[in-house]
1. So what is the relative contact order of the stretch A:227-308, in percent, for Cα pairs below 8 Å that sit 6 or more residues apart?
2. Based on the Cα atoms of chain D, what semi-axes does the equivalent ellipsoid have, where each is the square root of 5 times one gyration tensor eigenvalue, given in whole Å with the largest first?
3. Could you pull the copy-to-copy label distances for residue A:5, with points set 7 Å along Cα to Cβ, in nm to one decimal and sorted shortest first?
4. Rg to Rh for the stretch D:63-121: what is it, with Cα atoms only and Rh by Kirkwood?
5. What are the ³J(HN,Hα) couplings of the stretch C:112-125, residue after residue, when phi is run through the Karplus curve with 6.51, -1.76, 1.60 and θ = phi - 60°? Round to Hz, x for glycine and proline.
6. Find which of B:280, B:132, B:168 sits farthest along the positive direction of the dipole of chain B, computed with +1 on the beta-carbon of Lys and Arg, -1 on that of Asp and Glu, about the Cα centre.
7. If you average the sequence gap of Cα pairs under 8 Å that are 6 or more apart and divide by the length of chain D, what percent do you get for the contact order?
8. Taking a label point 7 Å from Cα toward Cβ, how far is residue A:156 from its twins in the other copies, in nm, shortest first?
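Since every read-out is calculated from the coordinates, none of them should be taken as a lab result. Only a predicted model underlies this, so the values are computations on that prediction, with no experimental measurement involved. Heads up, the Cβs are rebuilt from the backbone with ideal geometry, glycines too, and the neighbour counts pull from every protein chain shown.
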Amino acid sequence: GTEDDYFMAVIAADQKIEPRDWMPEKYRKNLIRQIAQHAHSEIIGMQPEGNWISRAPTLKRKAILLAKVQDEAGHGLYLYAAAETLGVDRAELSDMLIDGRQKYSSIFNYPTLTWADVGAIGWLVDGAAIVNQVPLCRASYGPYARAMIRVCKEESFHQRQGYEILHVLSHGTPEQKAMAQDAVDRWWYPSLAMFGPPEGESPNTAQSMAWKVKRFTNDELRQRFVDMCVGQAEILDLTLPDPGLVWNEAEGRHDYTQPDYDELFRVIKGNGPCNRERITHRKAAHEGGQWVRDAAEAYAKKKAKVSA
Amino acid sequence: GTEDDYFMAVIAADQKIEPRDWMPEKYRKNLIRQIAQHAHSEIIGMQPEGNWISRAPTLKRKAILLAKVQDEAGHGLYLYAAAETLGVDRAELSDMLIDGRQKYSSIFNYPTLTWADVGAIGWLVDGAAIVNQVPLCRASYGPYARAMIRVCKEESFHQRQGYEILHVLSHGTPEQKAMAQDAVDRWWYPSLAMFGPPEGESPNTAQSMAWKVKRFTNDELRQRFVDMCVGQAEILDLTLPDPGLVWNEAEGRHDYTQPDYDELFRVIKGNGPCNRERITHRKAAHEGGQWVRDAAEAYAKKKAKVSA
Amino acid sequence: MNAELATADLNLGDDALIAAQRLAEWTSRAPELEEDVALANIALDLLGQARMFLSRAGDEDELAFLRTDRQFTNVQLVELPNGDFAHAIVRLLFFSAYQRELYTAMAGDEIADKAIKEVDYHVDHARLWTLRLGDGTDESHARAQAAVDELWPYTHELFEGNDLRAGWLAAVEPVLAEATLTRPEDGWAPTGGRQGLHTTHLSYLLAEMQVLHRAHPGATW
Amino acid sequence: MNAELATADLNLGDDALIAAQRLAEWTSRAPELEEDVALANIALDLLGQARMFLSRAGDEDELAFLRTDRQFTNVQLVELPNGDFAHAIVRLLFFSAYQRELYTAMAGDEIADKAIKEVDYHVDHARLWTLRLGDGTDESHARAQAAVDELWPYTHELFEGNDLRAGWLAAVEPVLAEATLTRPEDGWAPTGGRQGLHTTHLSYLLAEMQVLHRAHPGATW
């Protein structure tokens, strides 16, 4: 139909679809799923790093970490707002997170065992997120693209902070260096798995690329991430835990060992080390806050009545 | 009457009154009050020392402290059993503790701020308790006297353990020694106050002495305690925080500064540092355990029905 | 720098640091996302104030991570364990209204002048939520009143050695009244914080806060 | 002493120590006074076992107080935070039934032979309370079932590298059945404890347990 033609023309011209524009129902649903999953990831992502706020080793590090976790809450807010322009509301999305109908990034189902994990999350997890997200700043849906520009800017700041934490540790005492290496050993493969399964196994890729919601395949992005990390690991004086990681001169890229996708699917299906804990925590905060939200609503109604 | 004559004759002959014997109502009530207060003190007394079980500095000290706190629960059990022989039940006594109708020793309304407090409680608080309690092993009411024999035996073991903790600390590092002195500085006057106000201000003393429930005045016991502590403090190489504490050659005893009885009365009336916390803790444990006691009762009834 | 000022800096730094530590425990646990942002923001402000005061008194990290609870001189109000959200809000109201009086009285002091703008916002945030909770539902009213009753005794310690209480009451009482909350009678007035005599909660808070720093003596982070 | 035995001693010592630490947290919080005595008694037994195993592996206090969570090799089951009394009882049932199988299999080992009598009592105590809770009131049944469901996945780790599960199931399943509790399906099987990969709860437990010892390096107590 004409609407569909117009929609595809906007996409083809690399223009933005805006909330008032007509869009195919599948495009809308797909976007809601993707944006909500991203928002949920920010919210759940507060937990593993939040775990170290109370124990940060200096006051400066405590302030930086607290600010970072606060930024994640902020990202959650922009992203929920972007999703709301597509006609869902936040309470509904929140329920879908808690009851498992919508997912969040599986990376946050791993525990943060030491302070160095805060560094490794910044360097590797935020690093992978940026590689994933930078192309989304050009996504065809306007509110999403604009939210991503802001998110990516802050994420890259976080990534540098994580890198710096690891740099200090790896140039510190032997115990600190061991702590940094241990964290990188544990976070490397889960970070690679963040790009999703290889093509063919990822059901949404082709359509998302046609709609310019997604612009590169999982494997392209993963490769870009690996290539980026190798040089940084050298400066950090830390080893990436993959003996198969070597420069391939012919291809102009690194060969590397794929992550264990069986593990990824186990974690996605709910059986990672922390899935239950993450959802229980979120649920407790949400349900425990019901009386507060009720109070705010009751108060607002009283005030509206008085001023009416 | 004849009953009263017989009762007074038993007392005069230093024999024991037993649960089946007639006794004046005031004697019974007075005893219930005293035994219950003692039992409550054991139960509440678990809290200040329990505060250091998780943080004891060696596994051996952890075991000793845990065993001591367990003994206190055990003392609570014997003493409640002794009170029950006078026709009250434990649930009632427990309620009276929680709602403030019955008291516990005010000493337990002070906080245990450092590990050395565990030593100071053993040395001073258990020491004062023993001075108070040894005469009660000869109290006229049989079940109480017998419970006190067992309690006193264990208390004197606890007192030696506390003394030993302080001895190790005061002969340890400068920080440990300072910690020990700080604890003694804080616990000395509250321990002196454990013997109650001076005579004339203590309403129950005269009657209790006539009934041989109590055998010495508060001041006699306090003097005995002070005289006992002076020599021990010297061996500990710790200072008792009273510049007025001097040997009185003429009287054959030490002069000393009285504790601040205004403070004692403030604490008794509920305004010590930890009164609210102690009762809140006990109440939470008691109320939080209601469903467990209900389950045990329901199960016992089912089993009784089956076997009937 | 005279000794009196250094003590004042320690007191104010410790107050702000421990308050920040408790508030930061709320992170990812707030009743709504906006409040997660707001509480973290306030905790960050307090942490910033703590860093400035402690740095003026000495080395901020040595002071924060290598003293025992017997050496901290914060008021007991800020060290009490977190309760529900009403507890957090009422404590913030009481504490930030005190900070506002104090920083106003310190006018001309570089740190106080900088912090006063932050504290104005904290008071306002606490005030708005106190109204919503006190005058919201029956449940929120009961919880807010319970928090006021529990925390009121600990406010006396804020005014030891200063004459700020009248100003503080003039700020706090109208908020409680508008929130339909009863201002408790004055009575029990726990004390000791300024002399390093704390509730037993502080040593647990410090055990957690200091564990990593202490496990690596002399390390750089 | 060979390296394998030292590792086994560390594993068993860490299991018992962390279990004792959690159980001791119940002190003064039990639902009745008799149970305060009983839980403290069991905690003392476990602490005694921990001391014997750790002393055979090295210096008990160095091992208990100077390792990080990445160096502890207890199973995750024992480090999980305390829940309600049903959680404590079900965990004790699962853990002590495992200890009984293990110590029985170790017959001839001095420590195991001594500990087995204690563990018999622990199993019996846990069994009796499991029956009372499972077959008591609706509320206690629901709480007991929730504890069983939460803890079951963590029992798989107990049987890594041994063949004790059949015996354990033969002991535990009839207790659950008599208590009218449903034995969960096997599924999720969290692991890592034996390799020093723990839940995030352990490092908090250790921060508290070790704080005093670590604050005074080299001191005698």
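1. Answer for the stretch A:227-308 is 13 percent.
2. On the way: eigenvalues 153, 78, 56 Å².
The answer is 28, 20, 17 Å, longest axis first.
3. 12.6
4. On the Cα set of the stretch D:63-121, Rg over Rh gives 1.04.
5. Once θ is set to phi - 60°, the couplings for the stretch C:112-125 become 4, 4, 6, 6, 4, 5, 4, 5, 3, 5, 4, 4, 5, 5 Hz.
6. Looking along the dipole axis, the top candidate is B:280.
7. Numbers: 271 pairs, mean separation 54.6, N = 221.
In percent, rounded to a whole number, it is 25.
8. Result for residue A:156, in nm, nearest copy first: 7.9.
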